[in-house]
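Step one of this worksheet: look at the structure below.
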Amino acid sequence: MSDPLTAAIVAIALRAHAAAEAADQQTRRWAAQHAAERLRSVACVAEALYFEARGEGARGMAAVADVVENRVAEGRGPDECAVVREPGQFTYRPGRIGEPASWAASLALAGLAVDGLLPDVTGGATYYHASYVHPAWADVLRRTATIGLHRFYTTVPARLASR
């Protein structure tokens with residue numbers, strides 16, 4: 001290895017290999033962090049689906065997931081957990097998971113929602129309520145869908161949407 005050109009090539013190759021190793025480690029760290037964040041988001045959405053809409057079937061649970069994802073997209077929180085835990089927005093109180101099949105469905109739908117793989121069945125809704133209550137805000141927002149016992153609304157005011 002007394003040849004300066006060979007020595008330079010070997011040095012460059014060693015530096016490139018070291019850089020590739022460092023990048024690979026950084027990629028693995030990023031992937032692990034991303035996976036942990038995704039699991040946290042899936043758990044938060046699944047909890048909301050289970051306690052808010054487990055009796056509404058897959059379409060009803062998907063609709064609640066749409067509201068969560070639409071709020072994230074609107075910037076109402078940095079992630080799904082912040083949206084679900086925003087004070088006064090979701091009325092459920094976490095409790096015991098007593099229906100394993102419903103919990104499994106909630107987890108599956110939540111995973112699809114967090115990954116952006118569910119079609120929005122609500123027409124862009126960011127609000128919803130059960131049909132047996134009538135919150136004051138329902139009169140000023142535009143209803144986009146009724147799915148099961150839930151009514152869904154967008155933040156486009158009803159008076160503007162009709163123009």
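Read-outs: derived from the displayed coordinates by stated rules, not from any lab. These numbers come from a predicted model, not from an experiment. Note that each Cβ is placed from the backbone with ideal geometry, even for glycine, and that neighbours are counted across all protein chains shown.
Among the candidates ARG85, ARG29, ARG15, ARG96, which residue alone is surrounded by 13 or more Cβ atoms within 10 Å (Cβ to Cβ) and of a type in the set (D, E, K, R)?
Details: ARG29 fails: surrounded by 13 or more Cβ atoms within 10 Å (Cβ to Cβ); ARG15 fails: surrounded by 13 or more Cβ atoms within 10 Å (Cβ to Cβ); ARG96 fails: surrounded by 13 or more Cβ atoms within 10 Å (Cβ to Cβ).
Of ARG85, ARG29, ARG15, ARG96, the one residue that is surrounded by 13 or more Cβ atoms within 10 Å (Cβ to Cβ) and of a type in the set (D, E, K, R) is ARG85.
Which one is surrounded by the most Cβ atoms within 10 Å (Cβ to Cβ) among residues in the range 120-150 that are under 16 Å from VAL45 (Cα atoms) and without any contact (Cβ under 8 Å) to a residue 60 or more places away in the chain?
THR126
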